[in-house]
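Taking it in order: structure first as structure tokens, then the write-up.
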């Protein structure tokens, strides 16, 4: 099943995309590229399908901003620990 998500890419950027089960990767909403699950950490799964306007402008846009603010407040070492699977991320 395909699901929308907010994820952290391998460079520590907060992105939005669609996980495609058949590809076992995420189609990035920012660049359109395919991001391997090995190169991403899922920060939030959406339980319902949203249109782009809802995600960017609506309530879920606020969730993304909260996540970005939390990531931006972390040290590079803390972000790397999340990417390495050594630290959990909680909104």
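For the reader, a short list of remarks on this structure follows.
- Net lengthening on full extension, residue 10/residue 39 (0.36 nm per residue, minus Cα-Cα): 9.9 nm
- Values (1) 11, 25, 27, 19, 13, 6; (2) 17, 51, 30, 2; (3) 17, 57, 25, 1 are given for comparison; P(r) over Cα pairs in 10 Å bins from 0, in percent, derived from the coordinates here, is the one labelled (2).
- Relative contact order (%) - region 3-83, alpha-carbon pairs under 8 angstrom, separation at least six: 29 percent
- Label separation (residue 84 vs residue 24): 2.5 nm, computed from points 7 Å beyond Cα along the C-beta direction.
- Full-stretch length increase - residue 48, residue 75 - with 0.36 nm per residue and alpha-carbon distance subtracted: 6.5 nm
Read-outs: derived from the displayed coordinates by stated rules, not from any lab. Computed from a prediction, not measured in an experiment: that's the story for all the values here. Note that each Cβ is placed from the backbone with ideal geometry, even for glycine, and that neighbours are counted across all protein chains shown.
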